[in-house]
Amino acid sequence: MAQIAAQRYTGASVKRSEDPRILAGRGRYIDDLKLPGMLHAAFVRSPLAHARVLAVDAAAARALPGVVAVLTGADLEAVTIPGQDPLFAMMAGPGPKPEYTLLATDKVRFAGDPVAVVVAESRYLAEDGCELVEVDYEGLPPVVSAAFALDPASPPLFANLGDNIIGPHKRSEFGDVAGVFAAADRVAEFRIDVHRHQNVPMEGRGCVASYDAGSGTLTVHAATQSVHVTRMGAAMRLGIDADKVRVVAGDIGGSFGLKIGASREELAVAAASRALGRPVKWVEDRSENLAASGQAREESFEVRAAVSADGDLLGLDVAMVIDTGAYPVMGTMVPGIIEMMLPGPYKLAALGFESTAVTTNKASYIAYRGPWASETFVRERVLDLLAKDLGLDPLEIRLRNIAPRTDPPFTMITGRPLAGVTAKESLERIAEVVDIPAFRRRQAEERARGRYLGIGLATFIEAAPGPRSPEGRSGPMGMEFMRLALAGDGVVTLFTGQMPHGQSHQTTLAQIAADEFGVPFEQVRVVVGDSDVVPFGLTGGSRSATMTGGAALHGARQLKGKVLDFAAHLIEASAQDLEIVDGQVQVRGDPDSAIPVAEVARQAASGEFGADVDTNLEVEASFDGGEGGWSGGSHCAIVEVDAETGLVRIERYVAAEDCGALINPAVVEGQIRGGIAQGIGAVLLERSAYDQDGNYQSATFMDYLLPTACDIPRIEIEHLQTVPLDADVNFRGVGEGGMIIAPPTLVNAIEDALTPFGVRIYEQHLPPARILELIDTADAG
Amino acid sequence: MDITVSVNGAARAASVEARKTLADFLREDLDLTGTHVGCEHGVCGACTVIVDGRAVRSCLMLAVQAAGSEVTTIEGLAPDGALGPLQQAMRDSHSFQCGFCTPGFVMQASAFLRAHPDAGEQEIREALSGNICRCTGYQSIIDGVLLAARRSREG
């Protein structure tokens, strides 16, 4: 196993190079862009969840001074290609797929569905125009619940599918499911629900599209997690060759999975720019963001758990239904990941899993930080429910069931080896940091005084990137590409397809490259956000630390080799005898021979060398993930629940995390805390609510409540000593873990606090009113 | 309507529609795009600017209501791009990630610290609880404000 060498920048909380512009108000977000002649778009949206569109009358809007055009669904249908979301088209399995247009034509499928786009000289005028567009609807029965969607009598959202089931029923079995359940001492059954909630980045979606008729090129200034996926989407739906589409991006105000690819509205704006021959800007407002950009996580699980009398979790049999909303994006892809990840770091010997994905008249189910997170919620909830039944402590049942770290590694029943997983160590670290016996004593004392304290634990692993499978040719996340060049001024320049939106890649990748190449941090530049310049890539799935970090490390090493080969022509020495130290190329150990890297770059560009000398100081690098490895950890929350008001106060929150070698601890801790905060919000505050007619109830921040500085406690973080697997690259992803593990941690703590009332919790959303209901119902029962 | 507003120390005369918000006036008419619009209904605080010494939500104020007032935006705190002491403390504390909420937090914290230089953690949390950050979990922001306050006390 490799040792992680002590290095200068990698592993230090280097101050972010993004911060001087961001803190000075000099960031460049999509709404900050103004192009000459730019028009502004606003959308007319359906007030109904499910209806036929009989007529759209835009005459009055078109007559309004300042309105340049109103494009209806039919107008855009004539100039675009129907199809699916680019991510869905790329990743969904076989079978019939829904066909739909950018704007609704024959029918609307959720409250907020775009029906027409008004383009005007200002956003104010575009919104005025929207008020004047008359749409004649004929209501259809709304399909609001998954249960109704499963009913063959429900009216299909998409005529070509015939019903509302888009992911067909599918069952898999791993291990001897029937045998394990037959032999178990007991079989427990639960139904566990996860509620719909959503990303809510502080900046919503938006773009400025600019079509140049002369060259036939479309430029899209986008807020996106991947300029290349956006480019694919625009090319596909507008029918333009991909090489005539350029997507550029500046600073992005958060995303958490929302801004992958190209949304229907953004593509409609691009089509409008082409139709009108002028740049068009659209930036969604908050109500559009909440109602129409997409939501996540509405899933239900029928769980059977086979367990031994002394607490061995032997098998699970799970039937999942996922409500993917109206226009499928991500929902059909989630069950497969949940199936693979359900065993977690445990010795589970059998898993039966079946899933059904349905389409409903609600906003689309989209990716949200840790899209498969419900596997951890279900498993960690089940462990606590079983522990309660068996009279076991939550720590004890977990330690009892965690797979041992063996060589060769224990393999999850779903197939992946648990190489280097430190789940057990993370629980032991929690038990060191939190004196659980002392807490139990205090809990008992406080209960006697009518105060209800609880402790919750949960454990997870995340395939970030995941283990390399023995037979696999490429790594677990495919390939990551990077171009690196030594610029004429001696700056090591990295071109990456990562599209940072808070992850600090311009700092972290520069740290790695600076160390590996041998220049000061300030002498590295990370170029992002231009599909004409950067290689294919996507920021998502916690891939950047390992995959892009690895590409930066190996790429800088390759570039350094090339620079030294050339420098050997300047310094009378062989390349093997040269090194780069602090931005100087020199004979190993001989500072007197030093030439600045910038001088080497200048010489290479001078044109004074013959064809036999390679002066092209540029490399194409790629990385396949190396030996890979898991991220993971355990969290612990201590809460107090006020049984009179239902309010939950988080007294203490401890995270024991292993994300491999840390590139920048402050950045890592920011990712962990941010994820936990979203998990706390999901449990205590956030819910994307629809009424029975499919009207959206959470379209403002007065209705969709986000956690504030008073809701999130100080979070203690313990970094575990990782088990290095790769010779060079042991950085692992940490973006999603906090959001995956915080909800079960917190719900487990709340249930523990409510033990005296006999409360059992089978859901994730626990605002005060719901907690009071749970107490009352438990009393009644 | 014709208005004159002092923005970051300079008098700015403009003709604006009565319905135009102060946020849109700053961003669109004056090209001061450091002020961000996050919710347009006064909850998230991203658009916070200082008007006559008080932190206000520029999405809830009309430009015409600011006529004759002194407005300070994030650009006014760092006139030459050099960070002021609060911004520097926030950088040192890795306070932010995506940066969209940042100008609002900086302006809110700046106004609060001026009035409460000795504030402790809980007071700072409460003072910033009207600003929403979706990335950080707030601790790094609170730490940045505490650091700025400590540095200012220690001179």
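Scanning the stretch B:93-113 for residues that are in contact with a helix residue (DSSP H, G or I) (Cβ under 8 Å, 6 or more places away or on another chain) and either modelled with pLDDT under 95 or more than 7 Å from every other protein chain (Cβ to nearest Cβ) (or both) yields B:SER93, B:SER95, B:PHE105, B:MET107, B:GLN108, B:ALA109, B:SER110, B:PHE112, B:LEU113.
So that you can scan it fast, the table gives a plain yes or no per residue for (1) of a type in the set (D, E, K, R); (2) open to solvent by 30 Å² or more (accessible area, probe 1.4 Å); (3) closer than 24 Å to A:SER255 by Cα; (4) in a helix (DSSP H, G or I):
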{"position": "A:ASP693", "(1), (2), (3), (4)": "yes, yes, no, no"}
{"position": "A:ALA709", "(1), (2), (3), (4)": "no, no, yes, no"}
{"position": "A:ASP726", "(1), (2), (3), (4)": "yes, no, no, no"}
{"position": "A:VAL734", "(1), (2), (3), (4)": "no, no, yes, no"}
{"position": "A:ALA742", "(1), (2), (3), (4)": "no, no, yes, yes"}
{"position": "A:ALA749", "(1), (2), (3), (4)": "no, no, no, yes"}
{"position": "A:PRO756", "(1), (2), (3), (4)": "no, yes, no, yes"}
{"position": "A:ARG760", "(1), (2), (3), (4)": "yes, yes, no, no"}
{"position": "A:ASP776", "(1), (2), (3), (4)": "yes, yes, no, yes"}
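Does the stretch A:262-284 hold any residues that are assigned to a helix (DSSP H, G or I) and either open to solvent by less than 10 Å² (accessible area, probe 1.4 Å) or of a type outside the set (A, V, I, L, M, F, W, C) (or both), and which are they? Break it down stepwise before answering.
Restricting attention to the stretch A:262-284, the residues satisfying the condition of being assigned to a helix (DSSP H, G or I) are A:264-276.
Result: A:ARG264, A:GLU265, A:GLU266, A:LEU267, A:ALA268, A:VAL269, A:ALA270, A:ALA271, A:ALA272, A:SER273, A:ARG274.
B:CYS135 fulfils the conditions (1) modelled with pLDDT under 95; (2) buried (at least 18 other Cβ atoms within 10 Å of the Cβ); (3) facing another protein chain (nearest Cβ under 7 Å) except for a single criterion, (1).
From the list A:GLY73, A:GLY27, which residue is in contact with a Gly (Cβ under 8 Å, 6 or more places away or on another chain) and buried (at least 22 other Cβ atoms within 10 Å of the Cβ)? Even if it seems obvious, please write down each step before you answer.
Numbers: A:GLY73 fails: in contact with a Gly (Cβ under 8 Å, 6 or more places away or on another chain).
Checking each option against the conditions leaves just A:GLY27.
Residue count for the stretch A:240-261, restricted to those that are part of a loop (DSSP other than H, G, I, E, B) and closer than 26 Å to B:GLY34 by Cα: 12. The set of residues in the stretch A:539-553 being hydroxyl-bearing (Ser, Thr, Tyr), in a helix (DSSP H, G or I) and open to solvent by less than 10 Å² (accessible area, probe 1.4 Å) consists of A:THR546, A:THR548.
The strands (runs of 3 or more DSSP E) falling completely within the stretch B:2-81 that include 3 or more residues that are away from chain A (no Cβ under 12 Å), over 20 Å from A:ILE22 (Cβ atoms) and more than 16 Å from the chain's Cα centre (by Cα) map to B:2-7, B:10-15. For the stretch B:42-57, a residue qualifies if it is crowded, with 17+ Cβ neighbours inside 10 Å and under 14 Å from B:SER110 (Cβ atoms), and the qualifying residues are B:GLY45, B:THR48, B:VAL49, B:ILE50, B:VAL51, B:ALA55, B:VAL56.
For the stretch A:499-513, a residue qualifies if it is away from chain B (no Cβ under 14 Å) and closer than 15 Å to A:ASP532 by Cα, but none of them does. Would you pick out the residues in the stretch A:665-720 that are among the polar types (S, T, N, Q) and at the interface with chain B (Cβ under 10 Å from one of its Cβ atoms)? If the condition is that a residue be among the polar types (S, T, N, Q) and at the interface with chain B (Cβ under 10 Å from one of its Cβ atoms), then A:GLN671, A:GLN678, A:THR700, A:THR708 are the ones that fit.
For A:ALA655, the criteria (1) over 23 Å from A:ILE436 (Cα atoms); (2) within 13 Å of chain B (Cβ to nearest Cβ); (3) not in a loop (DSSP other than H, G, I, E, B) hold in every case but one, which is (1). Considering A:VAL492, A:VAL421, A:VAL433, the condition of being out of contact with any Ser or Thr (no Cβ under 6 Å at 6 or more places or on another chain), surrounded by fewer than 24 Cβ atoms within 10 Å (Cβ to Cβ) and β-branched (Val, Ile, Thr) is satisfied by A:VAL433 alone.
The strands (runs of 3 or more DSSP E) located wholly in the stretch A:6-72 that include 2 or more residues which are within 14 Å of chain B (Cβ to nearest Cβ) occupy A:39-45. When residues in the stretch B:97-155 are screened for being in contact with a Leu (Cβ under 8 Å, 6 or more places away or on another chain) and hydroxyl-bearing (Ser, Thr, Tyr), 4 of them pass.
For A:TYR690, indicate whether it is among the aromatic types (Phe, Trp, Tyr) and in contact with a Pro (Cβ under 6 Å, 6 or more places away or on another chain). Walk me through how you get there before you give the answer.
Details: among the aromatic types (Phe, Trp, Tyr): yes; in contact with a Pro (Cβ under 6 Å, 6 or more places away or on another chain): no.
The answer is no for A:TYR690.
Given the criteria closer than 22 Å to A:GLN678 by Cα, aliphatic (A, V, I, L, M) and more than 7 Å from every other protein chain (Cβ to nearest Cβ), does B:ALA127 qualify? Here the answer is yes, as B:ALA127 does meet what is asked. With respect to A:ALA146, is the statement that it is surrounded by 16 or more Cβ atoms within 10 Å (Cβ to Cβ), touching a residue at least 12 places away in the same chain (Cβ under 8 Å) and within 14 Å of chain B (Cβ to nearest Cβ) true? No; evaluated as a whole, the condition is false for this residue. Scoring A:PHE536 on the criteria (1) surrounded by 18 or more Cβ atoms within 10 Å (Cβ to Cβ); (2) within 30 Å of A:TRP630 (Cα to Cα) leaves a single failure, condition (1). Somewhere in the stretch A:644-652, is a residue in contact with a strand residue (DSSP E or B) (Cβ under 6 Å, 6 or more places away or on another chain), more than 14 Å from chain B (Cβ to nearest Cβ) and either under 28 Å from B:SER95 (Cβ atoms) or part of a strand (DSSP E or B) (or both)? Yes - at least one qualifying residue is present in the stretch A:644-652.
What tally of residues in the stretch B:1-36 results from selecting those that are open to solvent by less than 40 Å² (accessible area, probe 1.4 Å) and not acidic (Asp, Glu)? Spell out how you get there, then give the answer.
We begin by selecting, within the stretch B:1-36, every residue open to solvent by less than 40 Å² (accessible area, probe 1.4 Å); these are B:3, B:5-7, B:14, B:16, B:20-27, B:30, B:32-36.
Add one more test, that the residue is not acidic (Asp, Glu), and what stays is B:3, B:5-7, B:14, B:16, B:20-23, B:25-27, B:30, B:32-36.
Within the stretch B:1-36, residues that are open to solvent by less than 40 Å² (accessible area, probe 1.4 Å) and not acidic (Asp, Glu) number 19.
Note on the stretch B:58-92: residues that are of a type in the set (S, T, N, Q) and surrounded by 21 or more Cβ atoms within 10 Å (Cβ to Cβ) total 3. Of everything in the stretch A:244-256 that's open to solvent by 10 Å² or more (accessible area, probe 1.4 Å) and in contact with a strand residue (DSSP E or B) (Cβ under 9 Å, 6 or more places away or on another chain), which residue is nearest to the other protein chains (Cβ to nearest Cβ)? If we take residues in the stretch A:244-256 being open to solvent by 10 Å² or more (accessible area, probe 1.4 Å) and in contact with a strand residue (DSSP E or B) (Cβ under 9 Å, 6 or more places away or on another chain), then A:GLY250 is nearest to the other protein chains (Cβ to nearest Cβ).
Looking at A:SER226, A:SER215, A:SER210, which one is touching a residue at least 24 places away in the same chain (Cβ under 8 Å), assigned by TED's automatic domain parsing to the domain that holds A:SER287 and within 18 Å of the chain's Cα centre (by Cα)?
Values: A:SER215 fails: within 18 Å of the chain's Cα centre (by Cα); A:SER210 fails: within 18 Å of the chain's Cα centre (by Cα).
So the residue among A:SER226, A:SER215, A:SER210 that is touching a residue at least 24 places away in the same chain (Cβ under 8 Å), assigned by TED's automatic domain parsing to the domain that holds A:SER287 and within 18 Å of the chain's Cα centre (by Cα) is A:SER226.
Looking at A:VAL200, A:VAL208, A:VAL229, which one is assigned to a strand (DSSP E or B), open to solvent by less than 10 Å² (accessible area, probe 1.4 Å) and of a type outside the set (Phe, Trp, Tyr)? After applying the criteria, what remains is A:VAL208.
Filter the stretch A:711-724 for residues that are among the hydrophobic types (A, V, I, L, M, F, W, C) and crowded, with 20+ Cβ neighbours inside 10 Å; which is nearest to A:ARG468 (Cα to Cα)? Here the answer is A:ILE715.
The values are calculated or read from the model by the stated rules, or taken from the named source; none is laboratory data. Predicted model, so just to flag it, every value in this text is computed and none were measured. Neighbour counts are summed over all protein chains in view; Cβ atoms, including those assigned to glycine, are modelled from backbone coordinates with ideal geometry. Calculation scope for accessible area: heavy atoms of the full protein, side chains included, ligands and nucleic acids excluded. Shrake-Rupley method; radii C 1.70, N 1.55, O 1.52, S 1.80 Å.
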